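Reviewing the structure listed below.
The values are calculated or read from the model by the stated rules, or taken from the named source; none is laboratory data. Everything numeric in this text was worked out from a predicted model, so none of it was measured. Backbone-built Cβ (ideal geometry, glycine too); neighbour counts: all protein chains shown.
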């Protein structure tokens, strides 16, 4: 009997998210990136999904990571582009290379913040966007991804 292939999802975290827990806790909460990664991996396992994570402060590293996914290996992508949400055409163009569902996540509600944060250059590439629920937003994205893949 053939063994079932476990679905694999990648979570990409953008710039400054490595500083969670110390960076503006009133906006981003007290959870660290390690806390979020552990939670999404654990919840992913409950949903029957293997979750890997990647964080970079470098736009080029994020683009290269996305490009490396073109040849396969994942069934879905969850991305928090952070500040690159509003500025990176390069990340948007790289996401267009993928043929898997993409869910955009933000810890804070970008529409309740400064007006320059109200525009997402990746929103129209994503299946959906989850914003404003802190760490729970990532878990909602995993749940959504389980239904999409």
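Numbers at a glance
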{"quantity": "Residue count for segment 40-64, restricted to those that are over 14 Å from the mean Cα position of the chain (by Cα) and closer than 24 Å to residue 143 by Cα", "calculated": "8"}
{"quantity": "Filtered residue count, segment 32-54, keeping only those that are in a loop (DSSP other than H, G, I, E, B), surrounded by 14 or more Cβ atoms within 10 Å (Cβ to Cβ) and in contact (Cβ under 8 Å) with a residue 40 or more places away in the chain", "calculated": "1"}
{"quantity": "Criterion violated by residue 57 - all others in (1) at pLDDT below 95; (2) part of a loop (DSSP other than H, G, I, E, B) satisfied", "calculated": "(1)"}
{"quantity": "Top-ranked residue in segment 65-83 [being within 12 Å of the chain's Cα centre (by Cα) and assigned to a helix (DSSP H, G or I); ranked as nearest to residue 138 (Cα to Cα)]", "calculated": "82"}
{"quantity": "Positions within segment 97-119 being under 15 Å from residue 69 (Cβ atoms) and over 15 Å from the mean Cα position of the chain (by Cα), in sequence order", "calculated": "97, 99"}
{"quantity": "Residue that is surrounded by 16 or more Cβ atoms within 10 Å (Cβ to Cβ), closer than 25 Å to residue 134 by Cβ, touching a helix residue (DSSP H, G or I) at 6+ places or on another chain (Cβ under 8 Å) and modelled with pLDDT under 95, where the choices are 76, 21, 14, 29", "calculated": "29"}
{"quantity": "Residues (within 15 Å of residue 132 (Cα to Cα), touching a helix residue (DSSP H, G or I) at 6+ places or on another chain (Cβ under 8 Å) and part of a loop (DSSP other than H, G, I, E, B)) located in segment 84-112", "calculated": "107, 108"}
{"quantity": "Condition met for residue 122 (assigned to a strand (DSSP E or B) and either under 12 Å from residue 80 (Cα atoms) or within 12 Å of the chain's Cα centre (by Cα) (or both))", "calculated": "no"}
